[in-house]
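Take a look at the structure below.
The values are calculated or read from the model by the stated rules, or taken from the named source; none is laboratory data. Note that the coordinates shown come from a computational prediction; the quantities given were computed from them, not determined experimentally. A quick note on method: Cβ atoms are made from the backbone with ideal geometry, for glycine too, and the neighbour counts reach across all protein chains shown. Areas reflect the complete protein model, heavy atoms only, side chains present, ligands, DNA and RNA absent. Shrake-Rupley method; radii C 1.70, N 1.55, O 1.52, S 1.80 Å.
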Amino acid sequence: MLITLLAISLVSLAIWLYLALARGMFWRLHEFDDDLAKHEPLSAWPKVAAIVPARNEAATSAQALTSLLKQNYAGEFSIILVDDHSEDATAEIARQAARELNAEPRLEIHSAAPLPQGWTGKLWALNEGVSQSLRRDAAMLRPSPARSPSSATCFYWFTDADITHTPDTLQRLVARAERDHLDLTSLMVLLQAKTLPERALIPAFLFFFLKLYPPSWIANPRIRTAGAAGGCILLRSQALQRIGGLPAIRSEVIDDCALARAVKQKGGRLWMGLTRASVSFRAYTTFAEIRDMIARTAFTQLRYSPLLLLGTLLAMLLTYLAPIALLFAPNPATRILAAVTWLTMTLLYLPTTRFYGQSPAWALCLPLTALFYSYATFLSAVRHYLGRGAQWKGRTLSSDEGPPLGPEANS
C-alpha cells in the first residue's frame, strides 16, 4: 500500500513537472499578453468587415456595437450584425446605438435565414454575415472591376454581441496579422470574475484552456495544435476560402477551435493571445449557471465516449486531487512529494490569478476548482444518457451556439 501511494505521488509530480517544463510554457501569460505588445502602424490598412452574430442580446448589443463603431481604424471598416432570430429588441437597440453615433452607414443589420439542418447556430449566423459581405463586395465591384484589389474584404473580424473592445483593438489585430503574415489572429477576451462563482471558477477556465492549447504551440507551424477564442477572431478572407468556407465546419459545436484547426491544416499561420482591453459582459451569478455551461458541451467534445470520460476523470483525479489526498499519507516521503506537487501546481496557477487581479490565495484552491469541473463533466454524460438535451437560447444542443466553459469542452 505504501509503495502504491508513493508511486501515485511520483506520477502526479511528474505530470506537473511536464506541464511546467514541456507544455509550451502555457502558464507564462506575459509572453502572449497582447496588451504588453508594441504594434507599428502600417503604410496601408486592408479592408475589414466585422461579423457580429446576435441572438437575444438586447442587454449588451448597444455596448458591443458602440465599441465597434468607435474603432480607430484607418482602413475601410464596416460592421454586419446578424440578427439570429432574436425574440427581443436586439436589432433595434443596435440601430439606435449607430444613430446616436451618426454611424448608421457603417452598420448593416442582416436577418439570418432559418437555421438549416446540420448547422450550429453561431456558425450559421457567421456564415450569413460572410455571405452578406461577399454580396456587398460583388455589388461594389460590378460597376468597376478594376477596383477589385482594394475593394474586396481582406479580413473578417468575428466578435460577439456581448463583448466590448477598446478603440485600438482592430488596429492592433490587423497590424499583428500583417506583420507576421497570419491567417487567423485571436484574442481571449477578459471574462467576468466579479461574483464569487466567477472568481472561483472563471480564471481556472483560462488556465485549463491554455493548458490544452498552449499559444506557443498554436503559433508553431510544425505542431498540429490549433486553437482560437471565438469571441475575437480576425480571419484572412483567403484563408476562409482555402478551407471551403464556414460550411466546412458547419456542425462543429466548438466552432472557434474547429476553425483554427481547419485553417492550420491548410497551411495557415495562427496566433492566439490574451487581452484585458476586450471584455465579455456575460455574467454568471451562481455556481449552477457555470456548472450547466460546462455540462452543455463537455460530453459532446468527448465524442460521447464512456472510455474518454473515464480517462478524463481519472486524469483530473491524478493531476489535481491526488496531491491533496496524499498530504495525509502515512509515509513521510509520499507527503513530501505531495506537498511539492501542490506547490508546483499553485505556482503555475499564480500568473492566471494575477492576470485577473485576484489574491494569490485563490491559487491554493485550484484542486477544488478542478473537482467542480470534473463533476460538471460527469453531469454532462449523465444528462446525455437521460436524454435531457441542453438548451441555449431556445435551441437544442445540435444547434448550440453557447460558449463552452470547461477544459474538456475544448479537447
Problem - Prolate/oblate/rounded label for segment 40-169 (Cα gyration tensor, a/c 1.5) - result: oblate
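Give me the percent relative contact order of the chain, please, defined on Cα pairs under 8 angstrom at least 6 residues apart.
On the way: 734 pairs, mean separation 91.6, N = 411.
Relative CO of the chain lands at 22 percent.
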Problem - Alpha carbon centroid spacing (whole Å) that separates segment 208-278 from segment 153-194 - result: 13 Å
Exercise for the section: Hey, can you find the accessible area per residue of segment 148-295 for me, probe 1.4 Å, expressed in square angstrom? Expected result: 35 Å²
Practice task
Would you calculate a helix-derived [θ] at 222 nm for the chain, using -39,500 (n - 2.57) for each DSSP H run of n ≥ 4 and dividing by the full residue count, to the nearest 500?
Solution key: -14500 deg cm²/dmol
Practice task
Specify which labelled value, from (i) 179; (ii) 161; (iii) 144, agrees with volume of the Cα convex hull per residue in Å³ derived from the coordinates of the model shown.
Solution key: (iii)
Problem - Net dipole in debye of the chain [+1 Lys, Arg Cβ; -1 Asp, Glu Cβ; about Cα centre; nearest 20] - result: 900 debye
Handout entry: With Cα atoms, 0 to 90° folded angle of helix 90-100 axis to the chain main axis
Key = 60 degrees
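For ALA97, what charge total do you get from the other residues with a beta carbon under 15 Å from its beta carbon, if Lys and Arg give +1 and Asp and Glu give -1?
On the way: positive: LYS70, ARG95, ARG99, ARG106; negative: GLU57, ASP83, ASP88, GLU92, GLU100, GLU104, GLU108, ASP162.
Residues near ALA97 contribute -4 overall.
Counting only DSSP beta bridges with both residues in the chain, tell me the antiparallel percent, nearest 5. Walk me through the intermediate numbers first.
On the way: 12 of 35 bridges.
So the antiparallel bridges in the chain amount to around 35 percent.
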Handout entry: With Cα atoms, 0 to 90° folded angle of helix 287-301 axis to the chain main axis
Key = 80 degrees
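How much net charge surrounds PRO203 when only the other residues with a Cβ under 14 Å from the Cβ of PRO203 are counted, with Lys and Arg +1 and Asp and Glu -1?
Values: positive: LYS194, ARG199, LYS211, ARG276, ARG354; negative: GLU198.
Every neighbour counted, the sum reads +4.
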Problem - Cα gyration tensor, segment 302-379 - rounded (a/c under 1.5), prolate or oblate - result: oblate
Problem - segment 1-53 and segment 331-381: distance between their alpha carbon centers, rounded to Å - result: 16 Å
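State the percentage of accessible surface on the chain attributable to carbon and sulfur atoms; use a 1.4 Å probe and exclude ligands, DNA and RNA.
Result for the chain: 61 percent of the exposed heavy-atom area is carbon or sulfur.
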Practice task
Place +1 on the Cβ of every Lys and Arg and -1 on the Cβ of every Asp and Glu in the chain, take the dipole about the Cα centre, and give the residue among ASN220, ALA288, CYS365 whose Cα lies farthest towards its positive end.
Solution key: ASN220
Handout entry: For segment 1-85, size of Cβ-based charge dipole, Lys and Arg +1, Asp and Glu -1, in debye
Key = 220 debye
Exercise for the section: Can you tell me the order of 172-178, 324-330 when each peptide is scored by its average per-residue count of other Cβ atoms within 10 angstrom, highest first? Expected result: 172-178, 324-330
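Give me the percent of DSSP beta bridges within segment 127-274 that run antiparallel, rounded to the nearest 5.
On the way: 8 of 13 bridges.
Just about 60 percent of them are antiparallel.
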Practice task
Take peptides 359-365, 258-264 and line them up by average Cβ neighbours within 10 Å, highest first, as a rough protection proxy.
Solution key: 258-264, 359-365
